[in-house]
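Report on the following structure.
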Amino acid sequence: MKHLKLAVLTSVIALTVTTTAFAKKAKYEEMQITNGASISGSVLFKGTVPPPIMEDLNKGKNGEFCATHPDTKEGGIRPRQKVQVKDGKLQNAVILIENISKGKAWATETINFDFNQCDIFPKITVIRKTPKGVKDKLVSVTNLDDNILHNPHGYSVKGANRKTLFNKPLPSKGSVADVTKSLKRFKPKKDSHFFLQCDQHNYMEADARIVWNPYYSISKEDGTFTIQDVPAGKYKVTAWHPYVGQVTQEITVADGGKANSTFELALK
């Protein structure tokens, strides 16, 4: 019986050690990169580009002010184009490496969402989970509109489900909400899409891909992208757009090498 208990205890210890080792391995480790590779290419759009949403600003709050947005047409109608395509190239797709455990350091600058003229900038970006020990200056939201109340509401989105991360009123121009602490709730394999909306003007929207390492890029107006300082290896690289979908390719790079790849996204 003692031998049986000892065997079970040994198995439990081994399982614990294995689990702990796996957990540590799953965390991203920063290291100095020399002779790193690059992954470049372009993102194409296949199919018919969806028409813009024709927002009637007269029906919402602060209609007269919100109509000062430069895209506003006659009668207070503002077109909102969620999928931007030029010559078959998709803009604002996020390209990211999925399976990299160590590499270059994370960027240190704050990601800021500006609420300006009843719109949000940037429209599509990336954000990350708040690291341990970090309490502020990772992600913030700023109100740039005079005498206009904005109410940024941040969510983690999965399918039709939304999980509230923060809901902070910004009563006047210059008001800033640092939402860094709220992003500690992100979990791998559960959170990938961040959505930001104004509760006062619900047509004000922005999206971000939640990333777990600093290897990502956002496609430009011509659909091109570049990810630099990549250690040699074989990687799963994904191109994602919140309103089109995503595709994944396996790409191998050597030290100092340059890989080129084309991603094609299509509405389902």
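Values quoted throughout were computed directly from the atomic coordinates according to the rules given, and no laboratory measurement underlies them. Given the structure is predicted, the values throughout are model-derived calculations rather than measurements. Note that each Cβ is placed from the backbone with ideal geometry, even for glycine, and that neighbours are counted across all protein chains shown.
Here are some notes:
- The modelled label-to-label distance for the pair Thr68/Asp87, using points 7 Å beyond Cα in the direction of Cβ, is 3.7 nm.
- The stretch 106-212: relative contact order as a whole-number percent, Cα under 8 Å and 6+ apart: 33
- Folded to 0 to 90 degrees: helix 2-26 orientation relative to the chain principal axis, Cα: 40
- Potential lengthening between Lys268 and Lys184 on full extension [0.36 nm per residue; Cα-Cα distance subtracted]: 27.0 nm
- Helical runs (DSSP H, four residues minimum) scored at -39500 (n - 2.57) apiece and divided by the length of the chain put the mean residue ellipticity at 222 nm at -3500 deg cm²/dmol.
- Cα convex hull of the stretch 106-212, projected area averaged across orientations, nm²: 6.3
- Panel order for Glu55, Glu74, Glu205, by other beta carbons found within 10 Å of each beta carbon, from fewest to most: Glu74, Glu205, Glu55.
- Isolated Cys residues of the chain, judged by Cβ distance under 4.7 Å to other cysteines: Cys198
- Using θ = phi - 60° and Karplus 6.51 cos²θ - 1.76 cosθ + 1.60, couplings along the stretch 201-215 (whole Hz; Gly, Pro as x): 9, 6, 7, 7, 9, 8, 10, 8, 8, 7, 10, 10, 7, x, 9
- R0 of 30 Å, Cβ-Cβ distance Ser261-His193: FRET efficiency to nearest 0.05: 0.85
- By the count of neighbouring beta-carbon atoms within 10 Å, fewest first, Ile120, Ile95 end up ordered Ile120, Ile95.
- Computed log10 I(q)/I(0) for the chain at 0.13 Å⁻¹: -0.95, from the Debye equation with unit scatterers placed on every C-alpha and solvent omitted.
- In plain terms, the chain from Lys61 to Val157 could stretch by 32.0 nm, reckoned as 0.36 nm per residue minus the Cα-Cα distance.
- Inter-site label distance for Leu144 and Val247 at 7 Å from Cα along Cβ, in nm: 3.4
- A full extension of the chain between Lys46 and Trp106 corresponds to an added length of 18.3 nm, given 0.36 nm per residue minus the alpha carbon distance.
- In the structure shown, the pairs Lys59/Lys184; Lys46/Lys234; Lys61/Lys129; Lys61/Lys132; Lys46/Lys129; Lys89/Lys234 are assessed against 30 Å; a Cα-Cα span above that value is assigned to Lys59/Lys184; Lys61/Lys129; Lys61/Lys132; Lys46/Lys129.
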